[in-house]
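K.L.:
Please find one structure pasted underneath; my questions will follow.
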Amino acid sequence: MGLARKVLKYLLTPAELLCQQTVEIPEEVAGPVFIVGPPRSGTTLFYQSFIHRFQVGYLSNVMDWFPGRPCVGYKIQKLLLNRKSATSQVEPFRSQYGKTTGLLGPYEAGPFWYQWFPHGDDGIITGADLTSQNQNAMRRAVARLQRISGTPVVFKNVYNILRIDALHTVFPTALFISIVRNPVEIAQSILLARRKERSDSVSWWSVRPPNWQLVSDQPPIDQVAFQAVSLMQLMKTSFSLLPQGHHIQIAYKQFCFDPEGNMHEVDKFLARKNVSLKKHHRLPEKFPYSGNPKLAPDEYEHLKQSVGKFLEMQNEILKSFGASDVDFPA
């Protein structure tokens with residue numbers, strides 16, 4: 001945290017305490033809504049589209065200046081959103097590796113979640129891993145955001161793919177939207193991000209799946225293939241353990257071809273769970289979509305074979321437990 005943020009956090013401590021004391025916490029929270037998916041699966045575009053289409057509460061880049069002071073930060077965000085000129089600060093569908101532009105662009109809000117979840121991404125976090133104190137504090141913080149917003153709230157953080165059980169434990173009425181994509185495309189995109197964002201080609205990028213050590217000595221292409229397949233399977237398994245009706249799946253490719261149609265299905269899903277959303281701006285007719293190979297031919301072939309190998313391994317494990325095969329989108 002930079003010096004300016006540390007000073008701001010210190011100066012706003014009294015205001016945060018006052019905000020928490022004066023904002024009445026509702027007895028029931030509608031939702032909240034969580035957008036979940038592996039890295040490079042299209043969750044950021046869907047998140048941007050969701051807040052563009054519906055009037056909902058969300059955490060924006062403004063909150064990056066208020067770590068540990070969410071109540072004050074969110075009130076300032078709402079003031080900016082209420083200004084007519086604020087819309088000029090939102091560039092609806094621009095992002096780079098999950099980071100959006102503009103003060104009011106949607107924010108993954110890592111510091112917000114790390115108030116209660118452990119740092120690191122080496123394993124699944126269940127409800128049993130959270131103390132009752134942390135569960136209650138998280139529930140109150142989200143309830144305050146909803147009270148200030150006056151609307152249901154939506155969150156997207158890529159590490160929440162490891163926290164599905166924990167989030168459902170804390171928020172039994174939570175609704176989940178999972179974004180799925182061809183694992184070859186996910187793996188290719190992760191590999192390209194890894195090469196661009198990391199100083200070396202051996203460092204992992206974004207969320208590591210459980211048991212990532214199994215491929216720690218493998219080439220990067222095999223590691224990203226394992227990463228994509230394992231996280232997709234983890235997400236599928238986690239949602240299969242939730243009560244029916246709490247989850248809807250959206251295929252990224254189909255969403256790009258028909259944003260309005262897919263968002264209409266999401267709207268109906270939420271309405272069935274008594275989460276009613278007011279419409280905002282219409283979405284574009286289509287979003288650009290490219291699933292074409294961007295690697296050298298030999299690398300791309302290696303990647304496809306590696307994804308196929310890990311898919312086959314996952315399916316063999318599932319069959320041994322009597323579960324169904326992985327059925328990822330083409």
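No value in this document is a laboratory result; all are computed from the given coordinates. A quick note: this is a predicted structure, and the numbers were derived from the prediction, not measured. Positions of Cβ are backbone-derived with ideal geometry, glycine not excepted, and every protein chain shown enters the neighbour counts.
K.L.:
Tell me the volume per residue, in Å³, of the convex hull enclosing the alpha carbons of the range 182-305.
P.N.:
On the way: hull volume 17.3 nm³, N = 124.
For the range 182-305, the hull spanned by Cα atoms encloses 140 Å³ per residue.
K.L.:
What's the exposure ranking of 302, 247, going from fewest to most Cβ atoms within 10 Å?
P.N.:
Values: 302 16, 247 21.
Listed from fewest to most nearby Cβ atoms, that is 302, 247.
K.L.:
Let a ≥ b ≥ c be the square roots of the eigenvalues of the Cα gyration tensor of the range 74-227; is it rounded (a/c under 1.5), or, if not, prolate (a/b larger than b/c) or oblate?
P.N.:
Since a/c reaches 1.5 but b/c is at least a/b, the shape of the range 74-227 is classed as oblate.
K.L.:
Right, next: Mind sorting 95, 203 by how few other Cβ atoms lie within 10 Å of their own Cβ, fewest first? Display every interim value, and only then the final one.
P.N.:
Details: 95 16, 203 10.
Ascending number of Cβ neighbours within 10 Å: 203, 95.
K.L.:
Take the cross-link list 156/286; 196/273; 268/304; 156/196; 253/309 and give me the ones stretching past 31 Å between alpha-carbons.
P.N.:
Details: 156/286 22 Å; 196/273 42 Å; 268/304 36 Å; 156/196 23 Å; 253/309 23 Å.
Those over the limit are 196/273; 268/304.
K.L.:
Here is a follow-up. Once phi is turned into θ = phi - 60°, what whole-Hz ³J(HN,Hα) does the Karplus curve with 6.51, -1.76 and 1.60 give for every residue of the range 56-61, x standing for Gly and Pro?
P.N.:
Along the range 56-61, the couplings run 9, x, 7, 9, 9, 4 Hz.
K.L.:
Sticking with this structure for a sec: Give the distance, in whole Å, between the Cα centre of the range 89-151 and the Cα centre of the range 165-194.
P.N.:
Comparing the Cα centres of the range 89-151 and the range 165-194, I get a distance of 15 Å.
K.L.:
Summing +1 for each Lys or Arg and -1 for each Asp or Glu, what net charge is found among the other residues whose Cβ lies under 14 Å from the Cβ of residue 42? Provide the component values of the computation, followed by the final result.
P.N.:
Values: positive: 40, 156, 181, 253, 286; negative: 185, 258.
Summing Lys/Arg as +1 and Asp/Glu as -1 gives +3.
K.L.:
Can you sort 197, 285 by how many other beta carbons sit within 10 Å, fewest first?
P.N.:
285, 197
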